[in-house]
Amino acid sequence: MHIPDGFLDLKTWTSSAAVGAGLVGYSLTRAKSELEERRLPLVGVMAAFIFAAQMVNFPVGGGTSGHLIGAVLAAVTLGPWTASLVLTTVLIVQCLIFGDGGITALGANIINMAFVATFAGYGLYVALRRLTRETLAVAAAAWVSVVTAAAACSFELAVSGTVPLRVVLPAMLGWHALIGLGEAVITAAVAAYLWKVRPAVWRPPALSAGPAAKTPGGAGR
């Protein structure tokens, strides 16, 4: 899903760079309130896990590729704002050191994977975890995070005139609907493991209190 250099026109990559920088700056202020000191070691562990997961790429066509994102897993363990910073860091390292994604497209890639995927998936998770088994909520949220990020990428390519939306959107959504199934399975599996061995780590910071919050490892998993 990383967009390479040359795929976005000037207006698209400059505007996405500005929006991405603004989102990262805002995330820095919001992350301070959601990240507890005891979770700091988990940030490094989660960043390493996501970095490794994103290195497994699936060719989509036309020079683009798809891969696991890890946005939902990061969001429900660290909080969405901290997760967005973790994803941003991973994307910057991949771009500057490994050449995965173009420098001019870095802003767009950050928007798509660090923010669209994170908040679309986390929002669905918050809604579904009160209505269904939490494992299903996590899996569905992970799938949606991949598909929505792919949709955002498609619109950016279309706005740039790189490829018509009627061509790129079905192709990207088709491939990433399949890739999203892999992300859903992996995210649910890691979640089940965390609930078993480290249930306190899994608590989503925004949902850690209140009568509707469920106890890790309890009924409904």
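What follows draws every value from the coordinates through simple rules; no lab data is involved. Owing to the predicted nature of the structure, the values given are computational and were not obtained by experimental measurement. All Cβ positions, glycine included, derive from the backbone under ideal geometry; neighbour counts span all protein chains shown.
Data table
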| read-out | value |
| --- | --- |
| Neighbour-count order for Val93, Val190, fewest beta carbons within 10 angstrom listed first | Val93, Val190 |
| Selection from Trp175, Phe98, Gly70 lying farthest towards where the dipole of segment 10-207 points positive, charges on Cβ | Gly70 |
| Inter-label distance for Ala177 and Ala192, nm, one decimal - labels placed 7 Å from Cα along Cα-to-Cβ | 2.5 nm |
| Global geometry of segment 154-198, whether rounded, prolate or oblate, following the gyration tensor of its Cα atoms and the 1.5 cut on a/c | prolate |
| Computed FRET value (nearest 0.05) for Ala48 with Ala127, which takes r as the C-beta separation and R₀ as 35 Å | 0.75 |
| Segment Met55-Ile97, extension gain: residue separation times 0.36 nm, minus the distance between their alpha carbons | 13.9 nm |
| Cα gyration tensor category, rounded, prolate or oblate, for segment 10-207 with a/c compared to 1.5 | prolate |
| Exposure proxy order (Cβ contacts within 10 Å, fewest to most) of Cys95, Cys153 | Cys95, Cys153 |
| Fewest-first ranking of Ile110, Ile69, using other Cβ atoms within 10 Å as the exposure measure | Ile110, Ile69 |
| Gained length - Arg30 relative to Val167, 0.36 nm times residue gap less alpha-carbon distance | 45.6 nm |
| Length released on extending from Thr14 to Leu40, taking residue separation times 0.36 nm less the Cα-Cα span | 6.1 nm |
